[in-house]
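Visitor: Before I ask anything, here is the structure I am working with.
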Amino acid sequence: PITYLSMAQTQCTILCEGQIIEEILSFDYSSDVMAVTENATFTVDSKNKKYRDLLQIGQKIEFRLSHPMVNGGAPTTKHRGRIVTRVPHYSPQTGTEIKITSADGGWHLENSHAPIWLRLLGKDFADLCDPNASKLIDPSWDFPGVRFNGDIKRRLKQGIKTQVALLNQRVIPDPAFVVQIEPGETAANKIIEFARRYKDENNNAGLLLNVSSDGWLCIYKPNDQQKPLYSVRCMDNDPRNNVLEAELTETALTRWTEVEVVGEQIESEIPPEGAGDLNNPNAKKKRGHISHPTALPFVHRHTVTDGEMVSTGQAQTHAEWIYRRGQFDSWSVVYTLNEHYQDGYWYESDTVVSVSDDELGIYGNFYVQAVHCSGIKNTGDTTRMIVRKPGLLTASLGEYDRRASLFKANSNTGTPKAAP
């Protein structure tokens, strides 16, 4: 039988500068496939100034959770990062409490601008993302390497033993064209730009960017077709019910009945399209169109122009992506559950949950986009789980057209030059 409630509570410990901190009054841990940066927040009891000088901005920490029902009670490292915010608070009644926010390596990718006018020539996509080869990534950010697979990331966070060495290979050989960093751009900007279009070892395009709990850069395809690891039940008179609260959100705003994408071909010499009809102002424009009239009982049209769509095939792929992503964004359920685990597995994102919900009329397998685990000392543990419809999430906008020339400024004068 499934056990949803237990007398034990999830224990949070922090490792900082080789010292284990156990006086955690409360914690919040979030995991979301849509976020590059993962944060953890915890409050430390620092009576008698015990941790006044230990927990400082920039220090490395490991955020660990343990429970007797998961992984034999052994701690699971859910998050490795650095302290980015600290707020000590003192009162005579409670003494000093320090509220800490730590962020994993994604924080560097999103918040540190890359060196301007940096050009990467003759590099493949793996080189662009490899901390040991890419000048986009500073050694002080402490990334051990890059993986193009989400299985290790998921299994480590669930406390499942895995053969890490088997999936560390760099397997994406596609050339990355000329890459130049302009002022204000971050490493995340460029990596995400190419991750959307390049394929992994299984020919999957549309890769997401995250950081694994062991510190590795992770570029991977979301997996919403795996076997469910947990179940959510909200049924009348069912002793297995485990839902504290449920909220369904649906919106027509991004549910399109028709999507059209128009891309303009800048280079008239790109074969085999030719120069086009000079008397037709739309001759060099590439059009993608998708129609789903049953998505809503009225017409809801979305049109967009994208200069990167240099072929009709790319424009069509982009139109299909916009439709699917709109469907993904238009429907979500937030379940509030007891505990942070089920059947020996931590609740985690990029997993699948089986739902039987009579109250909202939801049944079947759904994709877990995010979880938010909260714990307060001497009170219950709860998890907010965001689920979405499967088969819709991808970052893909179609592959880059190998025939296209990219134009970049090649000097501080801004003189345009076609990429070789």
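Visitor: If I go through the stretch 331-345 residue by residue, how many of them are open to solvent by 20 Å² or more (accessible area, probe 1.4 Å) and either touching a Phe, Trp or Tyr at 6+ places or on another chain (Cβ under 9 Å) or modelled with pLDDT under 95 (or both)?
Guide: So the answer is 4.
Visitor: Can you report the number of residues in the stretch 371-410 which are in a loop (DSSP other than H, G, I, E, B) and modelled with pLDDT of 75 or more? Before the answer, list the steps.
Guide: Initially, the stretch 371-410 is screened for residues in a loop (DSSP other than H, G, I, E, B), giving 377-380, 389-406, 410.
Now drop any that are not modelled with pLDDT of 75 or more, which leaves 377-380, 389-393.
Of the residues in that region, 9 qualify.
Visitor: If you go through the stretch 113-139, how many residues are assigned to a helix (DSSP H, G or I), buried (at least 18 other Cβ atoms within 10 Å of the Cβ) and of a type outside the set (A, V, I, L, M, F, W, C)?
Guide: Quick first cut of the stretch 113-139, residues assigned to a helix (DSSP H, G or I) only: 125-129, 139.
Narrowing further to those that are buried (at least 18 other Cβ atoms within 10 Å of the Cβ): 125-129.
In the following step, the residues that additionally are of a type outside the set (A, V, I, L, M, F, W, C) were identified as 127.
Selection size over the stretch 113-139: 1.
Visitor: Scan the stretch 214-251 for residues that are aromatic (F, W, Y) and within 17 Å of V334 (Cα to Cα) and jot them down. Let's see the steps before the verdict.
Guide: Of the residues in the stretch 214-251, the ones aromatic (F, W, Y) are 216, 220, 230.
Within the stretch 214-251, just Y230 meets the criteria.
Visitor: Give the stretch 140-153 a look and list any residue that's out of contact with any strand residue (DSSP E or B) (no Cβ under 6 Å at 6 or more places or on another chain) and either assigned to a loop (DSSP other than H, G, I, E, B) or open to solvent by 20 Å² or more (accessible area, probe 1.4 Å) (or both), or say none. Steps first, answer last, please.
Guide: Step one: filter the stretch 140-153 for residues out of contact with any strand residue (DSSP E or B) (no Cβ under 6 Å at 6 or more places or on another chain), giving 140-142, 144-145, 151-152.
Once the filter is applied, which keeps residues that are out of contact with any strand residue (DSSP E or B) (no Cβ under 6 Å at 6 or more places or on another chain) and either assigned to a loop (DSSP other than H, G, I, E, B) or open to solvent by 20 Å² or more (accessible area, probe 1.4 Å) (or both), the stretch 140-153 yields S140, W141, D142, P144, G145, D151.
Visitor: Given (1) assigned to a strand (DSSP E or B); (2) open to solvent by 20 Å² or more (accessible area, probe 1.4 Å); (3) touching a Pro at 6+ places or on another chain (Cβ under 8 Å), where does R52 come up short, assuming only one miss?
Guide: Unmet for R52, out of (1) assigned to a strand (DSSP E or B); (2) open to solvent by 20 Å² or more (accessible area, probe 1.4 Å); (3) touching a Pro at 6+ places or on another chain (Cβ under 8 Å): (1).
Visitor: Oh, and also: In this structure, does K47 turn out to be of a type outside the set (A, V, I, L, M, F, W, C), open to solvent by 20 Å² or more (accessible area, probe 1.4 Å) and in contact (Cβ under 8 Å) with a residue 24 or more places away in the chain? Write out each step before concluding.
Guide: Details: of a type outside the set (A, V, I, L, M, F, W, C): yes; open to solvent by 20 Å² or more (accessible area, probe 1.4 Å): yes; in contact (Cβ under 8 Å) with a residue 24 or more places away in the chain: yes.
Spelling it out, K47 is indeed of a type outside the set (A, V, I, L, M, F, W, C), open to solvent by 20 Å² or more (accessible area, probe 1.4 Å) and in contact (Cβ under 8 Å) with a residue 24 or more places away in the chain.
Visitor: Suppose we filter the stretch 76-112 for residues that are open to solvent by 40 Å² or more (accessible area, probe 1.4 Å), under 30 Å from I181 (Cβ atoms) and part of a strand (DSSP E or B); how many remain?
Guide: Total satisfying the criteria: 4.
Visitor: Here is a further query. Quick one: in the stretch 184-226, which of the residues that are assigned to a loop (DSSP other than H, G, I, E, B) and of a type in the set (A, V, I, L, M, F, W, C) is modelled with the lowest pLDDT? Walk me through it before giving the result.
Guide: Keep residues of the stretch 184-226 that are assigned to a loop (DSSP other than H, G, I, E, B), which gives 184-185, 196-207, 212-216, 221-226.
Within this subset, residues satisfying the condition of being of a type in the set (A, V, I, L, M, F, W, C) are 205, 207, 216.
Values: A205: 60, L207: 81, W216: 92.
If we take residues in the stretch 184-226 being assigned to a loop (DSSP other than H, G, I, E, B) and of a type in the set (A, V, I, L, M, F, W, C), then A205 is modelled with the lowest pLDDT.
The values are calculated or read from the model by the stated rules, or taken from the named source; none is laboratory data. For clarity, every value in this text was computed on a predicted model and none was experimentally measured. No Cβ is skipped: glycine too gets one built from the backbone with ideal geometry, and neighbour counts run over all protein chains shown. What goes into the accessible areas is simple: the full protein's heavy atoms, side chains included, and nothing from ligands, DNA or RNA. Shrake-Rupley method; radii C 1.70, N 1.55, O 1.52, S 1.80 Å.
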